[in-house]
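Structure first, commentary second.
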Amino acid sequence: MSDSIFVQYIWLVPAVSLLAAVITAIAGNRWLKQQAWLPCMLAAAFGAVWSALALVVVAQADEPVAFVPVLEWLTVSDLRVAYELLVDPLSALMLFMVTFVGSLIVAFASWYMAHEEGYARFFSEVALFLFSMTSLVLVANLLMLYVFWELVGLCSYLLIGFYYTRPCAAAAAKKAFVVNRIGDFGFALGIFLIWVTCGTLSYRQVLAVDQGLQQLTAAGPAVLTTVCLLLFCGAVGKSAQFPLHVWLPDAMEGPTPVSALIHAATMVTAGVYMVARFTPLFAQAAGVGTVVLVIGCVTAFIAAFTALTQTDFKRILAYSTISQLGYMFMALGIGTVAGAVAAIFHVFTHAFFKALLFLGSGSVMHATGGELNVWRMGGLRKYLPVTHWTFLCAALALAGFPLLSGFWSKDAILATVWQASGAATQLAGAVGLITAALTAFYIGRAYFLVFWGEPRDRAIEEQVEHYVRDEAHGPPEPLIMKAPLIVLAVGSVLVGAVIALAFGGLVPFLAGAYGVEPLAHATAEHDAHGHAWGMMLLSAVVALAGLGLAYVFYGQPSPWPDRLAEQLAPLYRISVNKFWLDELGLILVVRPMLAIAAACRVLDNVLVDGLVHAVAAVPAWFARLALRPMHNGLVPFYALAMLLGLAVILTLVLFQIQGG
Amino acid sequence: MPVEFVRNYLIISSVLFSIGAAGFVARRNLITMFLSVELMLQGVALSLVAFGRAWGNYHGEVFALFVIAVAAAEAAIALALVLVLYRHRHSLDVFWWQQLREPGTTPPVPEPVEEAEVSTEVHWPKLPPAGIEPVREKETIDVG
Amino acid sequence: MVDLFLYLTPELLIILLASAAYVVAAWLGPARLWPWWALVTLACAAGALAVVSGMEGPEDTAAAAVRAVSYDSFAVTLRWLALASGLAIVAMAWYRAELATAGEYYASLVLLVAGLGLVAAANDLVLLFASLELISIPTYVLLYMERRDLEAREAAAKYFYLSVLASALFLFGAALAYGVTGSTNFRAMHELLLDPDRLSTSVPSLGPMAIGLLLAGVGFKMAAVPFHFYAGDVYQGTSNVMAAALSWFPKAAGLVAAVRVLVFALPGLEREVAWLSWVIAVATMTLGNTMALLQTNVRRLMAFSGVAHAGYMLVGLGAASLQAPPGAWFRGVDSLVLYLVSYALMTIGFFAVVELFGQNPGGRRIESIDDFAGLGQQAPLPAALATVLLISLIGLPFTLGFWGKLSVFYAAIATRDARYVVLAVIGLLNAAIGAFYYLRIIAYMYLRSGYGRVEYRAASPTFAVVVITAALTLLLGIWPRPVAQLAYRSATAVQGAFARQIPEHTRRHDVRRQVSTRPFRPTAVQAAVGAGHAAEY
């Protein structure tokens, strides 16, 4: 397989994106102007085509794992740090997903972001993100993984703060960055621990059963458990899991295509990818699986419950993303290859429908002049037909409507969780089902509120009518914006079914990334259970019930929502206030930290600044006093100093005066 | 290599070297300073030759020859340089050359007192009686 | 014998062409062709070096012990470095063709390259001394020709007098080294010193004295304390081009000579080398950095910055003499090569920036650091490039200067000698002090408003030097593998030539005792150099 050019030159995918970022950064404002999206678009499209071909090559290979050496970054005697890429089913699938969804979102953004300040800056940063993200999924070395992990974080920071003049965007960017640092700190510690224990950071050695894995196991159970927990800590930050999920809803301050690309489809799934990649480690670590499962479960439920009552359109979607990521971690918590495959399956389908939901919300925002409150919208389906239909597809897919893509992948997760032994997993399965009902309900609520009924706000209605009629903007739904929506909608509808029915699920394909033995094991397990028909039926019923209830509540004017909110006031308040997690964080973490920071500031001003000034002042004082007079410009004096210095030197060696 | 072979030579060469070093530091005349360095070099050359004799090979002699050759080259440069320096100050005193130093320091030894008037006229040497002195009045030398 | 001349073709070619130029220049005077002549000379030398760089010396130790040159890749690497830096200096000095003595000027410049190349290739004290003088003597001439004012005269005189004094010190050390070993050839010296009697039965203090004197000699070239006094005055009194040449060629030559003689040619005296390097390194780093804090004249500041960098190099030198155990990533000599490459780039590049603004008569010249004010707005590109070079001089990551400092300090720590661990810490503290005066220049460029008119020729060779050095500093800082590998290969080559027979675990305790228990083998070498029998009286 490694002799195929699509694998050998896979590095072209990130390289072209980097090139596009550089070109756009240099030439964007001055020469490209409104064409600034083109380099990024071409790079993403090239990446999509190339990675699709690579995916085909990988799928047909007998031995589907290839390490592609690209650059030796540093080589000194035994130390060798290489930019080496790993092409296997897992990375190929992720790469395809990133570039494919990425290219569609870039096309959409070329329309969405037009007339914005910093058009070129936007696409330069997006291209940089694509470079970082594609590298992140391809690299075969933990150090490089960390580098790109931080780079995507940086891009995320830059793009959340894209409208940096708005205080709330700047604050959101800062919050995302700081919260991610907490996770990354653990991640870095985990990497250090692997380095200390194994002496290498290459996947090739760390994941090899007879090398890194053995060393980690031999170092004692605590070491392996600690490593996995620390790595998971990084994933919790990046993939917005409880309790570090608080940054993701605020990240919606960024432009909507960014929310679609980074904060829904790709970057936030990096944590899932990383845990899936290290499943061989997680499978051996005692107790870690349960932690992952519980965190995933809690996140999925809390986020879905919060989403029930939110009024901000994008925030509903953000909580939905958090909840879906929770599902993925539930599957990963099982700690088997089958679990990892189910998680990646959900990552893949989720990328389609969640990106589509965000793009749809972007279209709605354009039409309503940036309005985000779902209670002020309504009846938009007659103004924005394409947006409406595609949004519906995505919403149904998210809700788990039978036979749509979300249905298959969510079912795969629930089935895996359900079938795993243990009381915790049974409980998790139950929570998963409840969450599925909540999911169907909240997305149905958002859909009906936005697209059905009559407009609830006169001003918004006028704005939308004006937007649809006014030809100055161009048509309300031009081709460049419609095409990505339609492609994604087709994907949302079909991808799951195609994978599940035509290819018999992802297990046979993806388990190849984990070697032959796990593949056989996972396939056997998969075949033994087949499709869990019971679970399928149950989740279909639950989804339909949720959607139906949403229709009853919000499909037409109804007294039920208010009445229910009164009846269940405590629960309602919990949901509206997002479990008071932000407030809790404020009291428990932020306030004490600020107090410590204030104390540190005093310390800093007095002690550290004093020291710094001393570092600058004392040597200068010393030099002025003692050294300067020596440099008096007299040749005989200089000669004397040299000879006296020589005398000192000779004294030191002749009389064996040795330090130490 | 028994020490006795070279002891006396080494003592002499060290003495030469030290005298040269002391002369370099103590003398103010540019030419004398350079001659002091020459003295040091000759001390080195002596020890080289002595070591060569003691070891029974020619490395030392060859080295000494090189030292002498390089010393000659340096002497050529030194003469040119001293000439230029003399033209500027009409003095060979090394203390004239201490303008480049750390700002704000005073040299331990003050500069020589500038003579009331530094003549830039050329004083040609007296020619033997048979010759005719060239007619050159009030010519100045370009001190560039 | 023929292959020796063949091997030295690049340097011999330069010397030949330079001699011809000295003669022709008497008739030709100033002409536009001189810089081109220098370029062609260096190009010819580069071509010759490309041909001969693959040459290999004799395998046999006894045969190698009578060769005046060494054929290892350490030599080849540094000869390439000498050529490249010579090219940069010639490019900086491109507009000196109007000097009345242009021919002599450029001929002297290229002779520096030949000198450094010969120092790198020398395997014999005699050749080493001659090549060091081949650097010094043209430097005297250049200092004299460069500027024609009192300051320049004074600078030339100071450099000349102190340099000949330092030459005498070096020579005395060389004579004593010869006296201890019985040969002037490094390989032979190394092999002969393995004889347990050489160090102990001759005057026992001759060896350490030789080390001290040699270190004084190379210390002057490197501008190490207390032999650095000339640096500030001379740099200040000469031009930017000469300051760049002075801060690179003698310093590199001194360091390379130290590596050859002190680290490899005199086994059994490592402790003295390591201890003296330690003391001098501490003094040099500290004095260089603290004095640089006080400076306002930019060349004087760079002189003391060069002193500080000599201190960092001495850290690597001492580490190299102690030799870290195998398996360490940097073991001394490789870190020095890495440091030399980074130092050449950043110091020549920075002087090129300073020179750049003096080339147009209308624009303001940079003499004091105040003249950097506002360059960030007035000349954004050169200011940005200068910032890169300054960051490299500080030693911050993503520049080559970072890897240079890292490797040197790493090598110090890897020796596992407590003193050297302390030395690395002192070095880091010094780097922190050093950051202050480099950052001040950056701050002047970007935070102060400029004055007057700033002009520079973007199409000049000097600007090309700035761009190339800054770009290489950055690129190699991000991707240091080529340099690191080059350094590693050179160091392995030079270490392989002087393969040590001393067992690792005994070496660090008492070298001299271990020496006396080793069997004496080098009879073949003894016979080859004829240094076995004292003359009969």
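Determine the shielding of peptide B:33-43 by partner chains: average, over its residues, the number of Cβ atoms on other chains within 10 angstrom of each Cβ.
4
Quick one: of A:K33/A:K238; A:K174/A:K314; A:K174/A:K410; A:K238/A:K314; A:K382/A:K410, which pairs are farther than 30 Å apart, Cα to Cα?
As for pairs spanning more than 30 Å Cα to Cα, those are A:K33/A:K238; A:K174/A:K410; A:K382/A:K410.
What is the extension gain from C:V467 to C:R453, computed as 0.36 nm multiplied by their sequence separation minus the C-alpha to C-alpha distance, in nm to one decimal? Provide the component values of the computation, followed by the final result.
Working: separation 14, 0.36 × 14 = 5.04 nm, distance 2.18 nm.
Net length gain for the segment: 2.9 nm.
With labels modelled as points extended 7 Å from the Cα through the Cβ direction, what inter-label distance (nm, one decimal) is found for C:L439 paired with A:V541?
With each label point 7 Å from Cα toward Cβ, the separation is 6.9 nm.
Based on Cα coordinates alone, diagonalise the gyration tensor for segment C:85-142, multiply each eigenvalue by 5, take square roots, and list the semi-axes in whole Å, largest first.
Ellipsoid semi-axes (Å, largest first): 24, 12, 6.
May I ask for the angle, rounded to the nearest 10°, between helix C:240-258 and the longest principal axis of chain C, with both axes built from Cα atoms and the value confined to 0 to 90°?
Approximately 10 degrees, to the nearest 10.
With each pseudo-label sitting 7 Å past Cα toward Cβ, what's the A:D312-A:L625 distance in nm, one decimal?
5.9 nm
If only Cα atoms are counted, what is the Rg of segment C:269-478, and what is its Dmax, in Å?
Spelled out, the Cα radius of gyration and Dmax of segment C:269-478 are 17.9, 58 Å.
In peptide A:533-546, what is the residue-averaged number of other protein chain Cβ atoms found within 10 Å of each Cβ?
The per-residue average across the peptide is 0.
Output wanted: per-residue J couplings in Hz (rounded whole) for segment B:63-79, from phi through Karplus 6.51 cos²θ - 1.76 cosθ + 1.60, θ = phi - 60°, x for Gly and Pro.
4, 4, 4, 4, 4, 5, 4, 5, 4, 5, 4, 5, 4, 4, 4, 4, 4
Using r as the Cβ-Cβ distance of C:Q485 and A:D609, and R0 as 35 Å, what FRET efficiency do you calculate, to the nearest 0.05?
My answer for the efficiency is 0.25.
Measure nothing fancy, just the Cα-based angle from helix C:125-146's long axis to the longest principal axis of chain C, in degrees from 0 to 90, nearest 10.
The helix C:125-146 is inclined about 20 degrees to chain C.
How high is the FRET efficiency between B:E4 and A:F655 when r is their beta carbon distance and R₀ equals 35 Å, given to the nearest 0.05?
Rounded to the nearest 0.05, the efficiency is 0.90.
What distance in nm lies between label points placed 7 Å from Cα along the C-beta direction at A:S2 and A:A170?
My value for the distance between the label points is 5.1 nm.
Rounded if a/c is under 1.5, else prolate if a/b beats b/c, else oblate: with a ≥ b ≥ c from the C-alpha gyration tensor eigenvalues square-rooted, which is segment B:3-92?
Working: a/c = 7.42, a/b = 1.99, b/c = 3.72.
Verdict is oblate for segment B:3-92.
Calculated FRET efficiency, B:L83 and B:S14, Cβ-Cβ r, R0 35 Å, to nearest 0.05?
Efficiency, from the Cβ-Cβ distance: 0.60.
Quick one: angle between helix A:609-622 and the longest Cα principal axis of chain A, in degrees between 0 and 90, rounded to 10, please.
Its long axis makes an angle of about 20 degrees.
With just the Cα atoms defining each centre, how far is segment A:546-568 from segment A:435-465? Give it in Å.
13 Å
Please compute the Kirkwood hydrodynamic radius over chain C, one decimal place, Å, based on all pairs of different Cα atoms.
Numbers: mean 1/r = 0.0429 Å⁻¹.
Evaluated on chain C, it is 23.3 Å.
I'd like to compare B:58-64, C:314-320: which one has the highest average count of other Cβ atoms within 10 Å, and what's the full order after that?
Highest to lowest by the protection proxy: C:314-320, B:58-64.
Please turn the phi angles of segment A:214-222 into ³J(HN,Hα) values with the Karplus equation 6.51 cos²θ - 1.76 cosθ + 1.60 (θ = phi - 60°), one per residue in order, whole Hz, x for glycine and proline.
5, 4, 5, 5, 5, 6, x, x, 5
Could you state the number of Å between the C-alpha centres of segment C:264-331 and segment C:1-80?
Taking the Cα centre of each part, segment C:1-80 and segment C:264-331 sit 30 Å apart.
Roughly how many whole Å is it from the C-alpha centroid of segment B:82-107 to that of segment A:69-129?
65 Å
If each DSSP helix of 4+ residues adds -39,500 (n - 2.57) and the sum is divided by the residues in chain A, what number results at 222 nm, nearest 500 deg cm²/dmol?
Values: 31 runs with 458 residues, N = 660.
So the helix-based figure for chain A works out to -22500 deg cm²/dmol.
Which of the lysines could be linked to C:K405 by a straight reach, that is with a Cα gap under 20 Å, when you skip same-chain ones fewer than 8 residues away?
C:K251
Here, each number is a calculation from the coordinates, and none is a lab measurement. Here the structure is a predicted model, which is why all the values come from computation and not from measurement. Positions of Cβ are generated from backbone atoms using ideal geometry, with glycine treated the same way; all protein chains shown enter the neighbour counts.
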